[in-house]
């Protein structure tokens, strides 16, 4: 098989309004380390990741460079890219920034900046699956019954057997995801995640089994849960 690189694209340009904190959620400390730094460290320490692109609100780039990238000595971060109006725009900015440095066959792992508990095994499984599919998402089966509700009235109760909760990374060959983003930008199509763009233009997206600990930290309750996960993981290593 032709050699390829695996590149992490980490969008962390959200404002984190649901957190209700005085700073953006990605800089909140989790056991003394900013959440986004913990996320970056997973990719920094992985020998299958060649480089990392961060997408940050433009006015926060100096802060992020000084207090995250330089403070924690992340060597694989090759660019800090200004974010866009929405997450989809931010990812597109990141893809454009790496375009001159990657080939269409290289693999891009798009991962939320506030998901610090993704495992090395999930990264490896995602990359392997992306080599044989148009795209791959990490997902877990839903635990709760899901209701489809309209105007306060339950319209349908879909079978849980068909419902999976999407996580990140979402992983693609660069050429496939860049083409999907360009088409979406041209058509004015807005998707709920990157995989939905590939799906919109006829791509087949497969799944890799995720981990219920791979949470996206967006609310104060998530911080409490993340601290518990971190303590549990530290105990496992003792």
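The values are calculated or read from the model by the stated rules, or taken from the named source; none is laboratory data. What you are looking at is a predicted structure, and each value in this text was computed from that prediction instead of being measured. Because the Cβ atoms are built from the backbone with ideal geometry, glycine has one as well, and the counts that use them run over all protein chains shown.
Identify the single condition in (1) surrounded by fewer than 14 Cβ atoms within 10 Å (Cβ to Cβ); (2) under 24 Å from residue 127 (Cβ atoms) that residue 186 does not satisfy, given that it satisfies every other one.
(2)
Please find, among 142, 102, 108, the residue that is modelled with pLDDT of 95 or more and under 15 Å from the mean Cα position of the chain (by Cα).
Working: 142 fails: under 15 Å from the mean Cα position of the chain (by Cα); 102 fails: under 15 Å from the mean Cα position of the chain (by Cα).
Of 142, 102, 108, the one residue that is modelled with pLDDT of 95 or more and under 15 Å from the mean Cα position of the chain (by Cα) is 108.
How many of the residues in the range 184-199 are assigned to a helix (DSSP H, G or I) and over 22 Å from residue 169 (Cβ atoms)?
Start the filter on the range 184-199 by keeping residues that are assigned to a helix (DSSP H, G or I), which leaves 184-187, 194-199.
This time we only want the ones that are over 22 Å from residue 169 (Cβ atoms), so: 186-187.
The total comes to 2.
Given the conditions (1) farther than 13 Å from residue 7 by Cβ; (2) modelled with pLDDT of 95 or more, which single one is not true for residue 59?
Here residue 59 clears every test but (2).
Take the range 47-64 and flag every residue that is out of contact with any helix residue (DSSP H, G or I) (no Cβ under 6 Å at 6 or more places or on another chain) and within 20 Å of residue 127 (Cβ to Cβ). Talk me through it step by step, then tell me what you get.
To start, the set of residues in the range 47-64 that are out of contact with any helix residue (DSSP H, G or I) (no Cβ under 6 Å at 6 or more places or on another chain) comprises 47-48, 50-51, 54, 57-64.
Of everything in the range 47-64, those that are out of contact with any helix residue (DSSP H, G or I) (no Cβ under 6 Å at 6 or more places or on another chain) and within 20 Å of residue 127 (Cβ to Cβ) turn out to be 47, 48, 50, 51, 54.
Among the strands (runs of 3 or more DSSP E) lying completely within the range 62-164, list those that include at least 2 residues that are surrounded by 21 or more Cβ atoms within 10 Å (Cβ to Cβ). Give the steps one after another, and end with the answer.
Details: elements: 77-82, 107-110, 135-141, 148-150, 153-156.
Strands (runs of 3 or more DSSP E) meeting the threshold: 77-82, 107-110, 135-141.
Based on this model, can you work out whether residue 222 counts as within 16 Å of the chain's Cα centre (by Cα) and either at pLDDT below 95 or part of a loop (DSSP other than H, G, I, E, B) (or both)? So that I can check it myself, show each step before the final result.
Numbers: within 16 Å of the chain's Cα centre (by Cα): no; either at pLDDT below 95 or part of a loop (DSSP other than H, G, I, E, B) (or both): yes.
So residue 222 does not fit the description; no.
Please count how many residues of the range 38-61 are in a helix (DSSP H, G or I) and closer than 27 Å to residue 233 by Cβ.
Taking the range 38-61 and keeping what is in a helix (DSSP H, G or I), we get 38-44, 58-61.
Cutting the leftovers down to closer than 27 Å to residue 233 by Cβ gives us 38-44.
The qualifying residues number 7.
Pick from the range 165-183 the residues that are part of a strand (DSSP E or B) and over 18 Å from residue 86 (Cβ atoms): which of them is nearest to the chain's Cα centre (by Cα)? Give the steps one after another, and end with the answer.
Keep residues of the range 165-183 that are part of a strand (DSSP E or B), which gives 165-173.
Filter once more, keeping what is over 18 Å from residue 86 (Cβ atoms): 165, 167, 169, 171-173.
Numbers: 165: 14, 167: 7, 169: 5, 171: 9, 172: 12, 173: 15 Å.
Once the filter is applied, the top-ranked residue is 169.
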